[in-house]
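Notes to accompany the following structure.
The values are calculated or read from the model by the stated rules, or taken from the named source; none is laboratory data. All values derive from a computational prediction rather than experimental measurement. Cβ: placed from backbone, ideal geometry, glycine included. Neighbour counts: every protein chain shown. Ligands, DNA and RNA are stripped out before the accessible areas are found, and what is left, the full protein with its side chains, is counted by its heavy atoms. Shrake-Rupley method; radii C 1.70, N 1.55, O 1.52, S 1.80 Å.
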Amino acid sequence: MNIYPIQTTFTSGILSPRFWSRSDLPQYRSGLKDSDNMIVTRHGPMESRSGTVFMEDLGDNYARPFPFQLIPNNVTGEAFTAIATEDGRLIVNGASGALFQDDLVNTSFSIDLTGWTRLFTSGKSTVTWSSGSALLTPEPVVNGAIAGVSQQVTVAAGTENEDRLVSFVTESITPNIPATMRISIGSTIGAGDLFEQDFIAIDSAEINFNPSGL
């Protein structure tokens, strides 16, 4: 006759087969032979494992997740995943979604021009990609067609009034007089209404701007 004793704690988790006959041990009375889709709480009982949740779209980017805890001995459900992506981003995911995420896609051009639109490439101007850089070649005459890239993003709800930081590095690859670069940041209704400034192509800079509710 089978006997099924009442067990109220499972804190010892799944036991090794070597413990299956060790009824003299306290772990025997708080352990399991096997468990599927269940999680043992720190208080002893078990609960059903939560289903999967969509957290992040990484596109064609290669990434590697690293599980970690923000504080020691935190309870079940408070573990986080840090995702290191091929293009140098670090994304921390929690139960409510991404805690940090770049607004732009492919910020370092390390995987080609994915997500970017090529602008004003008529005539002799071109936009190409090579080894992690966007190569902008304007038409080599005065007032010729310029070359550029643009990307439209949707600001996450609740962050419309948070400061943003955009940093960029440019380098001239010809000995000629460096071209002027224009950085424009704006809303869909205002073009460069948030920020617009001209720079020499060999400049590097950081830009702080705020969508101001747009």
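Brief remarks on what is shown
- Overall, the chain carries a charge dipole of about 1040 debye about its Cα centre when +1 sits on the Cβ of Lys and Arg and -1 on the Cβ of Asp and Glu, all other atoms neutral.
- Pairwise label distance in nanometres, Leu90 with Ile189, each label 7 Å out on the Cα-Cβ vector: 3.8 nm
- Taking all protein chains as shown and a probe of 1.4 angstrom, Trp129 keeps an accessible surface of around 100 Å².
- Accessible surface for the chain, divided over its residues, is 72 Å² per residue with a 1.4 Å probe.
- Computed accessible area, Met38, all protein chains, 1.4 angstrom probe, square angstrom: 80 Å²
- Spin-label pair Met46/Ser108, simplified geometry with 7 Å Cα→Cβ offset, distance in nm: 4.4 nm
- When the chain is described by a simple charge dipole with +1 on each Lys and Arg Cβ and -1 on each Asp and Glu Cβ, the residue from Val153, Gln197, Phe66 located farthest towards its positive end is Phe66.
- Accessible-area rank, largest first, for Thr11, Thr107: Thr11, Thr107, with all protein chains present and a 1.4 angstrom probe.
- Legend: calculated FRET efficiency, Leu165 to Ser35, from the Cβ-Cβ distance at R0 = 41 Å, rounded to 0.05, equals 0.35.
- Segment 15-60: trypsin sites (Lys or Arg not before Pro) in DSSP coil with no more than 14 other Cβ atoms inside 10 Å: Arg22, Lys33, Arg42, Arg49
- Largest mean-square fluctuation among Ala82, Ala156, Ala63, in a Gaussian network model of the chain whose springs join Cα atoms under 10 Å apart, belongs to Ala156.
- Across the options Met46, Ile177, Ile14, the greatest Cα extent toward the positive end of the charge dipole of the chain (unit charges at beta carbon of Lys, Arg, Asp, Glu) belongs to Ile14.
- The slack in the chain from Ser131 to Ile200, taken as 0.36 nm per residue of separation less the alpha-carbon distance, amounts to 22.6 nm.
- With DNA, RNA and ligands ignored, accessible area of Asp203 (1.4 Å probe; Å², nearest 10): 60 Å²
- Trp20-Val149 pseudo-label distance in nm [points 7 Å out on the Cα-to-Cβ vector]: 5.8 nm
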